[in-house]
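Derivation of every value follows stated rules applied to the coordinates shown; laboratory data play no part. Since this is a predicted model, take the numbers as computed values, not measurements. FYI the Cβ positions are ideal-geometry reconstructions off the backbone, even for glycines, and counts take in every protein chain you see.
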Amino acid sequence: MTARRASGLLSLVVSLATILMISPFTPSSPAWAASTAGNLPAEIAAHFTPDDVARGRAYMGGRYRLFAAGIALRLAILLLLVGTPASAALRNLAVRLAPAHPAVAVAVYLALLVLIFELLALPLGYYAGFVREHAFGLSTQTRAAWLVDRIKSLLLTLALAVPLGSLLALLWRRYPGRWVLPAWGLVAAAMVLLVMLAPIVIDPLFNTIRPLRDPDLRQRVIALAGRAGVPVDQVYEMDASRRTRKGNAYFTGLGRTKRIVLYDTLLAGSSPDEVELVVAHEIGHWKRAHIWKGIGLSLLGMGIALWCAARTLDWAVRRGGFHLAGPADVAGLPLFLLVLFVLNLVSLPIQNGISRYFEREADRTSLGLTGNATAFIRSEVQLARSNLADLTPPPAVVWLLYTHPPVAERIRLAGEDAGRTRARP
Ligand SMILES: [Zn+2]
């Protein structure tokens, strides 16, 4: 079988799988319900109703399937671009639009590529991000507001992908056969810059973010940070309620842009004790330098991925049949992206395993700082309920997809911590 026929067949299989996965549109299958009914973990049975369990399972079961569908869809688009003359045709069109300016032609090609992905992913994105979120009573957005968000994201993607892709194509031309190292440097610089600037340049495009207003809460946060030995004037609140009823908080930025951001939905739905626990968890990420460690690990993965992509591109040019004019042909970008995509996918369990390890560390820090296991459990229960968490996720799904330990495990951790505290003389 030729490479072209093989990838044509593969994309057909992937497309069929996509249709099969999203066609029922029923959030939960009976087989799923039967597999977990009747043997709830003690932590879940003690804090949640059967209705909480059913709602979480219905919501998240569909999310898992949509995640798989999104992956299948992207994979299918990439395989079609790699296995057919589509990418070369796109490059020819870009050259015709800007015949005298090779750099502009590359930029046009990149923009067309981004637009194709956006257009093909839009129906699934609309269903997952708007229709379904409304069906479960989680979204507070109008259709127009959702669309404005989507357009902003698209413009942001263009603003990042076009210059970065252009620089990569330049490195392909300038350093044939040895572009991996300079490309790695480019990625490292872009990553650090992006993490540093995101809180002050990107996040405000989508939300209003301002310093925590509640004076009592501020006081408690300052005291907490004092105990933890971290600077605290960087605790912010964000108007997440313009989009969702879900509660959350996150730690972001580097150097002077470092900050903890709390959703206003979290502040509205939690007692000060519970908010304090969430802040203590984010302080845990801060204290243990999880952002720097994350960047380091991403760069390690990126180095391996770039090396593999370079070897694959070399092989494709030598072998022929991929419609590439040479090793520096920008039409090879979908193959480059395919290698990165597949490697990212197969390393997902490792990435998420590390993320869950970091989350456990942050949980332990929060329990150590506050000594308040009861509030930890209350806050966990409150967030799980408002976010429709899957309270009994299949272990394989946790292993593959979960960036945080499941609710039962986090409650168990708090219980053990409380036990240890009581046992101290
Ligand atoms: Zn966390």
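Express the relative contact order of segment 280-367 as a whole percentage, based on alpha carbon pairs under 8 Å and six or more residues apart in sequence.
On the way: 50 pairs, mean separation 49.2, N = 88.
Contact order relative to length: 56 percent.
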(request) Order the peptides 243-253, 217-227 from the highest to the lowest mean number of other Cβ atoms within 10 Å of their residues. (result) 243-253, 217-227
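So if we plug the beta-carbon distance of Thr403 and Leu345 into 1/(1 + (r/R0)^6) with R0 = 25 Å, what FRET efficiency do we get, rounded to 0.05? Mind showing how you got there, number by number?
Working: r = 15 Å, r/R0 = 0.61.
Computed FRET efficiency for Thr403 and Leu345 comes out at 0.95.
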(request) Please give the length that would be gained between Lys287 and Tyr250 if that part of the chain were fully extended, namely 0.36 nm times their separation in residues minus their C-alpha to C-alpha distance (nm, one decimal). (result) 11.9 nm
(message) With a 10 Å cut-off between alpha carbons and a GNM built on the chain, which of Ala42, Ala69, Ala316 moves the most?
(response) Ala42
(message) At R0 = 56 Å, how high is the FRET efficiency between Arg174 and Ala42 if r is their beta carbon distance? Nearest 0.05 is fine.
(response) 0.35
(request) Would you mind computing, in nm to one decimal, how far apart the modelled labels at Arg218 and Leu119 are, each placed 7 Å from Cα along Cα→Cβ? (result) 5.0 nm
(message) Can you compute the charge dipole magnitude of segment 292-391 about its Cα centre, using +1 on each Lys and Arg Cβ and -1 on each Asp and Glu Cβ, nothing else charged? Give it in debye, rounded to the nearest 20.
(response) 100 debye
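Suppose R0 equals 22 Å. What FRET efficiency, 1/(1 + (r/R0)^6) with r the Cβ-Cβ distance, do Leu158 and Ala86 give to the nearest 0.05? Could you put the intermediate results ahead of the total?
Numbers: r = 20 Å, r/R0 = 0.90.
Once the sixth-power term is evaluated, E becomes 0.65.
Could you quote the convex hull projected area for the chain, Cα atoms only and averaged over all directions, in nm²?
Numbers: hull surface 91.5 nm².
Orientation-averaged projected area of the Cα hull: 22.9 nm².
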(request) Place a +1 charge on the Cβ of each Lys and Arg in segment 67-223 and a -1 charge on the Cβ of each Asp and Glu, then give the dipole magnitude about the Cα centre in debye, rounded to the nearest 20. (result) 300 debye
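Contour minus end-to-end for Val148 and Arg311, with contour as 0.36 nm per residue of separation and end-to-end as the Cα-Cα distance? If you can, show how the numbers build up before the last one.
Working: separation 163, 0.36 × 163 = 58.68 nm, distance 4.01 nm.
Gain in length upon complete extension: 54.7 nm.
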(request) Give, rounded to the nearest 20 debye, the magnitude of the charge dipole that the chain has about its Cα centre when Lys and Arg contribute +1 at Cβ and Asp and Glu contribute -1 at Cβ. (result) 980 debye
(request) Go through Ala328, Phe358, Leu75 and say which Cα lies farthest out towards the positive end of the charge dipole of the chain; charges sit on Cβ, +1 for Lys and Arg, -1 for Asp and Glu. (result) Ala328
(message) For the chain, what does the helix formula give at 222 nm: sum of -39500 (n - 2.57) over DSSP H segments with n ≥ 4, over the residue count, nearest 500 deg cm²/dmol?
(response) -23500 deg cm²/dmol
(request) Please give the net charge around Val221, taking every other residue with its beta carbon less than 14 angstrom from that of Val221, where Lys and Arg add +1 and Asp and Glu add -1. (result) -3
(message) Placing +1 on the Cβ of each Lys and Arg and -1 on the Cβ of each Asp and Glu in the chain, which of Ala240, Val187, Gly284 has its Cα farthest towards the positive end of the resulting dipole?
(response) Val187
(request) Quick one: what are the phi-derived ³J(HN,Hα) couplings along segment 201-207, Karplus 6.51/-1.76/1.60 with θ = phi - 60°, whole Hz, x for glycine and proline? (result) 10, 8, 4, x, 5, 10, 8
(request) Would you pull out the residues with amide H under 5 Å of Tyr236's amide H, same chain only if 5 or more places away, H placed 1.01 Å from N? (result) Leu212, Ile260, Val261, Leu262
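Per-residue counts of other Cβ atoms within 10 Å, averaged by peptide: what ranking do you get for 88-97, 387-396, highest first? Kindly include the intermediate steps, with their values, before the conclusion.
Numbers: 88-97: 16.6, 387-396: 18.3.
Ranked from most to least packed, the peptides come out as 387-396, 88-97.
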(message) Placing +1 on the Cβ of each Lys and Arg and -1 on the Cβ of each Asp and Glu in segment 360-420, which of Gly419, Leu388, Val398 has its Cα farthest towards the positive end of the resulting dipole?
(response) Gly419
